[in-house]
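*Asks:* Pasting a structure below so you can have a look.
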Amino acid sequence: MKNRFLLYATFLLLSLAACNRTEPEISYAVMRLVYVQENGVVKERFSFFILATDEDGIENLDDLYLYHDREGLRWHLSERDWIALQQEGDTWLGSRSIAMIDEEPLPRGLYRAVLANKAGEESARNIAFDPPLQPRFPFPSLVIADGNYAIDSKYPANYFLCYDEQGNYVQTVQATALQGVIADLKFNAKVKSTALWAEDQLYSTSALTDAHPVN
């Protein structure tokens, strides 16, 4: 009888442990082509973000992969690499600076995102990536001088990407006007520099300028 009880108790514990194991979830995934300027040359990068959830908390997430199976390509982001963005109570994980090693144009087509937690459980989601082969708008610019800013951009939406003294991302602030006073933007006190993020949502393309000191 005692042995039977022990066997039953062990089985029950294992069953409960199995029930408590939950896979992470990718509720939504998005890729956006990003034009960046380096030494006067505009190059292609892309931003890649997923809407991530895990019943044990975001801190339980461990690895994020992006695959282009047809071309045999893979990118890997760990919790040390990704940006975590909070929006209306949701957490988005990803990067704004993924690129091809040889600076070739990014392959279009179907990509696959895979999210893994610390227990090794995974979930996956496909992403279609088919932006225009040529930029629809000229590359934008941001000028900051004497406490003022001026934006030259044909993109439908423009944002300030803000960084601290070490170059770490701090916040995003929408540019409601193409020129104005830096102080009126009410940046976080940690912000020491900012770049322009210009966005064309209809065609999933953006442009990112160099960062400029804000004071």
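*Asks:* Which angle from 0 to 90°, rounded to the nearest 10, does the C-alpha axis of helix 2-20 make with the longest principal axis of the chain?
*Replies:* Orientation of helix 2-20: about 20 degrees from the principal axis.
*Asks:* So, one more: For Ala128 and Leu178, what is the calculated FRET efficiency with R₀ set at 35 Å and r taken between the beta-carbons, to the nearest 0.05?
*Replies:* 0.60
*Asks:* Taking just the alpha-carbon atoms of the stretch 141-213, what radius of gyration and Dmax come out, in angstrom?
*Replies:* Both quantities, over Cα of the stretch 141-213: 11.7, 35 Å.
*Asks:* So if I take the centroid of the Cα atoms in the stretch 86-104 and the same for the stretch 139-195, what is the distance between those two points in Å?
*Replies:* Centre-to-centre distance over Cα atoms comes out at 20 Å.
*Asks:* Binned at 10 Å from 0, what are the whole-percent values of the Cα-Cα distance distribution for the chain, short to long?
*Replies:* Binned Cα distances yield the sequence 7, 28, 30, 19, 8, 4, 3, 1, 0.
*Asks:* Between Glu59 and Ala99, what FRET efficiency follows from the Cβ-Cβ distance if R0 is 22 Å, with the result rounded to 0.05?
*Replies:* FRET efficiency, Glu59 to Ala99: 0.20.
*Asks:* Please label the shape of the stretch 25-129 as rounded, prolate or oblate, based on the square roots a ≥ b ≥ c of the eigenvalues of the alpha-carbon gyration tensor (a/c under 1.5 means rounded; beyond that, a/b larger than b/c means prolate, else oblate).
*Replies:* In terms of gyration-tensor shape, prolate.
*Asks:* Follow-up question, since we're still on this one. So for the pair Ile83, Asn215, with labels modelled 7 Å out along Cα→Cβ, what separation do we get in nm?
*Replies:* Distance between label points: 2.3 nm.
*Asks:* If you don't mind, another one. Figure the gain on full extension for Arg74 and Gln201 (residue separation times 0.36 nm, minus the Cα-Cα span) and round it to one decimal in nm.
*Replies:* 43.2 nm is the gain from fully extending Arg74 to Gln201.
No value in this document is a laboratory result; all are computed from the given coordinates. As the structure is a computational prediction, the values presented were derived from the model and not from experiment. No Cβ is skipped: glycine too gets one built from the backbone with ideal geometry, and neighbour counts run over all protein chains shown.
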